[in-house]
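Single-structure report; data block below.
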Amino acid sequence: MSKKNALIFAPALLLAVAVAPACTLPTPQGLAGGDGGAVNTGQCPVVAATTDAGVDSGLVTVSADPNTIVTPMSCAGTGANPNAIDRYTQGYTPSPDVTQQVAKAISSMSVHDLALQMEGMPYNSTGQFSDTQRSQDTGSIRGFRYRDASRGMNLGEDMNGAFPNAATINGSHVGYSTVFPVSMARGASFDLDLEYAIGEAIGDEMQAASQTVLLAPCMNILRNPLWGRAQETYGEDSFHVGRMASAMVVGVQQHIAANAKHYMGYDIENGRTATNNAQMADEQVLREIYGRHFRMTVQDAGVASVMASYNEVDGIKSTENGHTLTDVLRKDFGFKGFVLSDWWAMPGFTSIPDSSTLKTGAIKALNAGLDVELPWGLYYGQLENLVNSGALTRQDLQGPATNVLMQKFRFNSQNIAGNVGLKAPVTIYENSQIKCNGSHIALAKQAAVESMVLLKNDNGTLPISPMVKKVAVLGAKVPYVSVDGGNGSNGANRSVDFATDLRTGDLGSSRAFSDPKDSVGPAAGIALTAPAGVNVVSGNSVDVASDADFIVVVAGLTPQDEGEEYTKAGDRASLALDAKQAPAMQNVQNKLITDAAALGKPMVVVLEGGSVIDMPWLAQVPAVVMAWYPGQRGGEAMGDLLWGQVNGVSYNFSGKLPITWGRQLSDYDPLTTSGTSTTVFNYYVGYRWFDHNNIAPLFPLGAGLSYTTFEYRKLQLGCSDMSQGAVLPIVVNVANTGTVDGDEIVMAFVTFPQTTARRGPRELKAFGRVHLAAGEEKQVTIPLRLSDLDYFKIDANDPSKGQWVVEDGPVQIMVGGSATNLPLMATVNVKGYTVGSSP
């Protein structure tokens with residue numbers, strides 16, 4: 001978007017909008033499990049939508065004077081927390097007052113009430129499949145209320161029959177909340193302040209509805225684009241994912257508790273509850289590649305909770321894995337929150353074990369470090385009896401219960417009655433929907449604008465010429481089968497009309513539903529933003545485009561193509577469009593694109609999906625956009641970007657791929673090891689895999705075009721040498737050498753010329769976004785923490801242990817716009833150090 005603060009990553013600048021109802025706060029009314037949000041007793045004031053205006057995140061500074069000379073100095077850490085470079089790296093130290101309150105509460109609790117802190121709702125002989133989003137209250141302590149997830153509050157869970165005012169979609173009662181672009185899309189923005197603002201907005205809506213734990217962010221790195229839940233994470237790089245997830249956590253936790261998931265190695269969907277074993281190649285892989293991003297949300301963001309995943313890690317169920325939950329998460333990473341299971345992730349979901357097995361399993365999980373079993377008390381329902389029989393002691397329960405209560409008291413979520421959370425929300429929850437959310441809707445649009453990636457634009461095809469008089473928006477009508485969260489019409493055949501339908505993502509636990517009157521699909525968005533006098537038509541065949549001046553073909557993936565396994569989706573069958581269709585339909589979208597291309601008119605293909613999509617027609621079309629699943633205002637954002645100028649406001653593409661787009665599936669480390677339930681997870685992932693194996697991708701990480709061009713000049717480093725605790729100012733001039741305004745994402749990669757360790761050929765370690773007017777040059781400073789250059793060195797005598805090490809020697813800093821466009825290089829010398837011995 002064209003209007004942006006000069007100080008990048010100071011608060012995200014949102015669109016000014018008038019927001020609807022709001023309110024005097026609250027008489028609670030509530031979601032399933034009780035006492036929900038505020039009653040609307042008035043109208044929302046008309047306000048400009050801003051987020052934390054005036055707060056400098058500290059991440060990137062910009063000087064309008066490009067001639068400033070930097071004098072390098074010897075750099076070392078200063079202050080109590082030298083790694084705290086911005087609001088996303090402040091960490092978490094438990095409050096002494098909270099610690100005292102929790103100790104007092106624990107001392108007065110019965111064994112029964114201690115056990116209730118550690119489980120969901122009671123298990124019964126018919127299972128626990130309806131009331132699944134809360135833990136039980138005691139006489140004085142409120143149970144947590146849980147909601148998914150990363151793209152908006154899921155008001156499609158536990159809504160059936162309970163809310164007569166709820167809407168009905170696909171046979172399920174649902175409520176409305178703000179729906180943002182999926183996390184993968186937001187990963188393409190590389191905008192930490194934007195992600196913070198989205199986290200804060202979802203946290204606000206959660207608090208308005210008296211929900212107390214947001215089950216987000218999802219932050220598993222994408223090791224193969226077939227993963228069914230690719231859309232739910234931010235990308236393939238541990239550092240990038242860790243930074244984005246930390247920003248969301250800090251935003252959410254302005255209001256209520258966040259949850260980092262799924263810990264760990266959960267990168268295969270099919271067979272997730274029973275058969276998947278993530279076999280880490282070694283301990284360096286486990287901690288450095290599949291653990292680093294979780295470590296960042298713990299140490300930098302102070303995340304309140306972590307979710308143990310379905311899969312096994314090195315042959316042990318994640319919910320019972322003492323090495324990952326205690327040795328790594330608590331002792332190495334320093335986690336101070338509570339660990340909860342994914343829903344039904346304890347063993348025996350499909351075949352309920354006998355009482356003896358349940359008791360043994362409860363002790364095993366408890367000793368491993370699992371604090372809460374959800375959504376029921378199948379195993380942990382045995383805890384009270386185990387204490388009474390002498391198999392466990394009261395003290396065995398007090399530790400996990402304390403972990404839970406510390407976060408309840410930290411986020412003011414402990415009281416049975418009254419409001420929850422840390423500050424008054426700006427939204428309200430009424431009649432099964434979030435209201436007063438105009439600023440959040442504007443934020444959803446901004447996220448869509450910043451996220452879409454222009455992959456190809458031959459001969460200036462885009463933006464659409466203002467001389468165009470008729471635009472045809474084409475999209476196939478593609479059938480699919482899905483079960484919405486286990487509810488709805490039982491997997492009935494449905495369809496997506498890609499020309500007109502709003503696609504917000506899969507229909508699993510992260511599904512969220514926006515009010516239709518505030519939602520805009522592709523054709524409607526392109527029409528909404530079109531210049532006066534332009535006729536926008538839509539259809540499912542090229543017939544409607546015969547007299548069009550410009551063609552937009554929207555194509556993508558259905559909820560059957562990718563998503564959670566229980567919705568009848570799961571991992572993708574291939575990278576192709578329509579891969580899960582019947583043979584007669586498997587080429588329907590590709591054929592529509594080639595038919596449109598054959599007309600010889602100016603055109604663009606807009607793709608919607610969670611990761612890489614094969615493009616056999618790429619050479620035949622002049623322009624391609626990756627729109628991901630762009631949220632409830634995605635159609636409007638699409639129109640803004642395709643036209644480039646709407647109502648006097650300039651729009652420009654600025655999203656960059658957070659993943660590596662290969663030429664074929666065989667370019668990637670295989671999703672699974674064929675014929676077995678065990679898959680080896682290797683050290684090299686994403687662009688590092690491509691670099692290590694000398695594979696040239698179709699589009700590298702960081703690829704993304706603009707309507708303007710940028711040039712990198714004059715790299716300077718603020719440190720001549722660095723020692724423990726140091727932060728390196730990377731100072732670079734960036735010039736807009738084109739004729740329109742635009743945002744550039746600046747990336748800094750490092751290499752280690754004298755390393756004796758296994759390292760990536762290049763590693764992303766800093767990034768930032770800068771806005772530049774046409775012809776403008778700015779000097780941009782991005783901080784790089786020395787601590788982010790560490791690697792995990794395995795103990796020669798015990799391969800399950802080791803140390804985090806920053807190596808002595810030179811580090812080469814490479815700066816540019818993508819993993820393969822790094823024109824500037826400089827070197828800093830590092831004095832290495834070791835951080836303790838890790839258990």
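Protein heavy-atom surface of region 639-761, 1.4 angstrom probe: 49% of the accessible area is carbon and sulfur, with nucleic acids and ligands not counted. With a cut-off of 12 Å between beta carbons, the residues surrounding Asn403 carry a summed charge of +3, where Lys and Arg count +1 and Asp and Glu -1. Between the alpha-carbon centres of region 602-654 and region 232-279 there is a gap of 27 Å. Highest mean first, the peptides 306-316, 412-422 sorted by other C-beta atoms within 10 Å per residue fall in the order 306-316, 412-422.
From the square roots a ≥ b ≥ c of the eigenvalues of the alpha-carbon gyration tensor of region 695-832, which class results: rounded (a/c under 1.5), prolate (a/b over b/c), or oblate? Prolate, since a/c reaches 1.5 and a/b exceeds b/c. Measuring r between the beta carbons of Asn647 and Ser63 and using R0 = 45 Å, the FRET efficiency lands at 0.90.
Between Lys331 and Ala582, the contour length at 0.36 nm per residue exceeds the alpha carbon distance by 85.3 nm.
Think of each Lys and Arg Cβ as +1 and each Asp and Glu Cβ as -1; about the Cα centre, that makes the dipole of the chain roughly 460 debye. Residues in region 55-105 average 58 Å² of solvent-accessible surface per residue, probe 1.4 Å, ligands and nucleic acids excluded. On the beta carbon distance between Asp798 and Ser574, with R0 = 30 Å, the FRET formula returns roughly 0.10.
If you take all other residues with their beta carbon under 10 Å from the beta carbon of Ala448, and give Lys and Arg +1 and Asp and Glu -1, the sum is 0.
Note: relative contact order over region 438-570, using C-alpha pairs below 8 Å and six or more positions apart, is 35 percent.
May I ask which of Lys714/Lys831; Lys104/Lys359; Lys445/Lys517; Lys261/Lys456 have a Cα-Cα span longer than 23 Å here? Going by Cα-Cα distance, Lys714/Lys831; Lys104/Lys359; Lys261/Lys456 fall outside the 23 Å limit.
Stretching the chain fully between His692 and Asn535 yields a gain of 51.5 nm (0.36 nm per residue, less the alpha carbon separation).
Projecting the Cα positions of Ala365, Gly418, Leu397 onto the charge dipole of region 332-422 (unit charges on Cβ atoms of Lys, Arg, Asp and Glu, taken about the Cα centre) puts Gly418 furthest along the positive direction.
Between Asn829 and Gln812, the modelled label-to-label distance comes to 1.9 nm, taking each label 7 Å out from Cα in the direction of the beta carbon. Here the accessible area is traced with a 1.4 Å probe on the protein chains. For region 385-448, carbon and sulfur cover 46 percent of it. Model label points for Ser140 and Met467, set 7 angstrom from Cα along the Cα-to-Cβ axis, are 7.9 nm apart. Less than 5 angstrom separates the built amide H of Val313 from those of Ala278, Ser318, all sequence-distant by 5 or more or on a different chain. Taking every alpha-carbon pair under 8 Å whose residues sit at least 6 apart, the chain reaches a relative contact order of 17 percent. Placing a label point 7 Å from the Cα of Arg394 along the Cα-to-Cβ line, the residues of region 359-388 whose backbone N sits under 16 Å from it are 384-388.
In whole percent, what relative contact order does region 210-278 give with Cα contacts below 8 Å and a gap of six or more residues? Computed over region 210-278, the figure is 44 percent. When peptides 570-577, 747-754, 593-600 are ranked by their average number of other Cβ atoms within 10 Å per residue, the highest-first order is 570-577, 747-754, 593-600. Relative to one another, the C-alpha centroids of region 80-97 and region 380-424 are positioned 25 Å apart. Computed 3J(HN,Hα) for region 652-663, one whole-Hz value per residue from the Karplus formula 6.51 cos²θ - 1.76 cosθ + 1.60 where θ = phi - 60°, is 9, 5, 9, x, 10, 4, x, 9, 8, 9, x, 7, glycine and proline marked x. Taking amide H atoms as placed 1.01 Å from N in the peptide plane, the amide H of Asp808 lies under 5 Å from those of Gly832, each 5 or more residues away in sequence or on another chain.
Charge dipole (Cα centre; +1 on Lys/Arg Cβ, -1 on Asp/Glu Cβ; no other charges) of region 274-399 amounts to roughly 240 debye. Taking packing as the residue-averaged number of other Cβ atoms within 10 angstrom, the listed peptides 465-474, 701-710 run from highest to lowest as 701-710, 465-474. Normalised by residue number, the volume inside the convex hull of the Cα atoms of region 644-758 is 215 Å³ per residue. Computed extension gain for Ser495 through Ser95, at 0.36 nm per residue and net of the alpha carbon distance, reaches 138.8 nm.
Label sites at Ser351 and Asp518, each approximated as a point 7 angstrom past Cα along Cα to Cβ, lie 4.8 nm apart. Would you mind classifying region 206-250 by shape? Square roots of the alpha carbon gyration tensor eigenvalues, ordered a ≥ b ≥ c; an a/c under 1.5 is rounded, otherwise it is prolate if a/b is larger than b/c and oblate if not. Judged from the Cα gyration tensor, region 206-250 comes out oblate (a/c at least 1.5, b/c at or above a/b).
Let me make sure I get this right: for region 472-557, a, b and c are the square roots of the gyration tensor eigenvalues over alpha carbons, sorted descending. Under 1.5 in a/c it's rounded, otherwise prolate if a/b > b/c, else oblate. Which is it? Oblate, because a/c is 1.5 or more while a/b does not exceed b/c. Other residues whose C-beta falls under 11 angstrom from the C-beta of Cys436 contribute a net charge of -2, scoring Lys and Arg +1 and Asp and Glu -1. How much of the DSSP beta bridge set in the chain is antiparallel, as a percent to the nearest 5? The antiparallel proportion sits near 60 percent. Between the alpha-carbon centres of region 174-205 and region 290-312 there is a gap of 19 Å. What percent of all Cα-Cα pairs in region 410-566 falls into each 10 Å bin, going from 0 up to the bin containing the maximum distance? The distribution over region 410-566 is 9, 26, 31, 21, 9, 3, 0, given as percents.
The values are calculated or read from the model by the stated rules, or taken from the named source; none is laboratory data. Owing to the predicted nature of the structure, the values given are computational and were not obtained by experimental measurement. So basically every Cβ, Gly included, is an ideal-geometry build from the backbone, and we count neighbours across all protein chains shown. We work out accessible area using only protein heavy atoms, side chains counted, and drop any ligands, DNA or RNA first. Shrake-Rupley method; radii C 1.70, N 1.55, O 1.52, S 1.80 Å.
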